[in-house]
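Participant: There's a structure below that I have some questions on.
The values are calculated or read from the model by the stated rules, or taken from the named source; none is laboratory data. As the structure is a prediction and not an experimental result, all values here were calculated from the model. Glycine gets a Cβ as well: all are built from the backbone with ideal geometry, and neighbour counts include every protein chain shown.
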Amino acid sequence: MVDTGDPTKRDPSGTDLSGHDLRGEDFGGANLDGARLAGANLEYATLDDASLIGADLTGAVLADADMRNADLRHAKLHRADLDLATLNGSNLNDADLSHAKLLRMSATGTRFRGSNLNYADLRGADLTEAILSGASLVEADLEHTIMTDAVLDSADLSGANIYGTVMVSARSTGATLNAA
């Protein structure tokens, strides 16, 4: 992470950066636990290996952000824009991604256990080996999503659009698949 002399950029945990323009900033490895980033512009930002446990990213723009191996457990990403974001290996267990825009997102091996992805737009996303056990994807748009070797045990896909979705070797024990 670049040291700009600003203490909120070295350890902004719990700080309020809502609505700030943080495009292209490097928060790699930063502790952003509980940070308020609602409506912030983090397009092209680097957040790899960052900890964002319980962070509020409601409505934030994270398009093209590098979030590999980030810890986003219990994070609020309601209506966030993660188009083309890279989340490979990240932990989004129990996160709120309802109504989020996740088009062509790369989330290989990412954990979404118990997460809320209701009404999320995941068209063209890569969820290879993702763990979505107990996740709710009610009315989610999964058109042309890759879910090879994904785990969907007890996931709720009621009304989800799964047209063209690749689910080769996906496991879905106890999942609700009343797709649209």
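Participant: Just one of G34, G28, G14 is touching a residue at least 24 places away in the same chain (Cβ under 8 Å) and either out of contact with any His (no Cβ under 9 Å at 6 or more places or on another chain) or under 19 Å from N93 (Cα atoms) (or both); which is it?
Facilitator: On the way: G34 fails: touching a residue at least 24 places away in the same chain (Cβ under 8 Å); G14 fails: touching a residue at least 24 places away in the same chain (Cβ under 8 Å).
The conditions single out G28.
Participant: Now, a different point. May I ask you to say which residue of R104, R79 is within 20 Å of L47 (Cβ to Cβ), surrounded by fewer than 20 Cβ atoms within 10 Å (Cβ to Cβ), touching a His at 6+ places or on another chain (Cβ under 6 Å) and at pLDDT 95 or above?
Facilitator: On the way: R104 fails: touching a His at 6+ places or on another chain (Cβ under 6 Å).
It is R79.
Participant: Moving on to the next point. Only residues that are part of a loop (DSSP other than H, G, I, E, B) and buried (at least 17 other Cβ atoms within 10 Å of the Cβ): list them for segment 21-33, please.
Facilitator: Taking segment 21-33 as the starting set, the residues that turn out to be part of a loop (DSSP other than H, G, I, E, B) are 22-25, 27-30, 32-33.
L22, E25, F27, G28, A30, L32, D33 - these are the residues of segment 21-33 that are part of a loop (DSSP other than H, G, I, E, B) and buried (at least 17 other Cβ atoms within 10 Å of the Cβ).
Participant: Starting from residues that are of a type outside the set (A, V, I, L, M, F, W, C) and in a loop (DSSP other than H, G, I, E, B), keep the ones in segment 81-99 and report whichever is farthest from L152 (Cα to Cα). Quick ask: steps written out before the conclusion?
Facilitator: Going through segment 81-99, the residues of a type outside the set (A, V, I, L, M, F, W, C) turn out to be 81, 83, 86, 88-91, 93-94, 96, 98-99.
Filter once more, so that each one left must be in a loop (DSSP other than H, G, I, E, B): 83, 88-90, 93-94, 98-99.
Numbers: D83: 22, N88: 17, G89: 17, S90: 17, N93: 13, D94: 14, S98: 17, H99: 19 Å.
So, considering only residues that are of a type outside the set (A, V, I, L, M, F, W, C) and in a loop (DSSP other than H, G, I, E, B), the one farthest from L152 (Cα to Cα) is D83.
Participant: Hey, among the residues in segment 100-131 that are assigned to a loop (DSSP other than H, G, I, E, B) and out of contact with any Asp or Glu (no Cβ under 8 Å at 6 or more places or on another chain), which one's nearest to M167 (Cα to Cα)? Give the steps one after another, and end with the answer.
Facilitator: Just the residues of segment 100-131 that are assigned to a loop (DSSP other than H, G, I, E, B), to begin with: 100, 102-105, 107-110, 112-115, 117-120, 122-125, 127-130.
Next cut, out of contact with any Asp or Glu (no Cβ under 8 Å at 6 or more places or on another chain) only: 110, 112, 117, 125, 127, 130.
Details: T110: 16, F112: 17, L117: 18, A125: 12, L127: 10, A130: 11 Å.
Here the answer is L127.
Participant: For residues in segment 126-146 being under 15 Å from the mean Cα position of the chain (by Cα) and aliphatic (A, V, I, L, M), which is surrounded by the fewest Cβ atoms within 10 Å (Cβ to Cβ)?
Facilitator: Residue satisfying both the conditions and the ranking: I131.
Participant: Checking the conditions here, which among H74, H78 is in a loop (DSSP other than H, G, I, E, B), under 17 Å from V138 (Cα atoms) and without any contact (Cβ under 8 Å) to a residue 24 or more places away in the chain? It would help to see each step written out before you state the result.
Facilitator: Working: H74 fails: under 17 Å from V138 (Cα atoms).
Exactly one residue qualifies, and that residue is H78.
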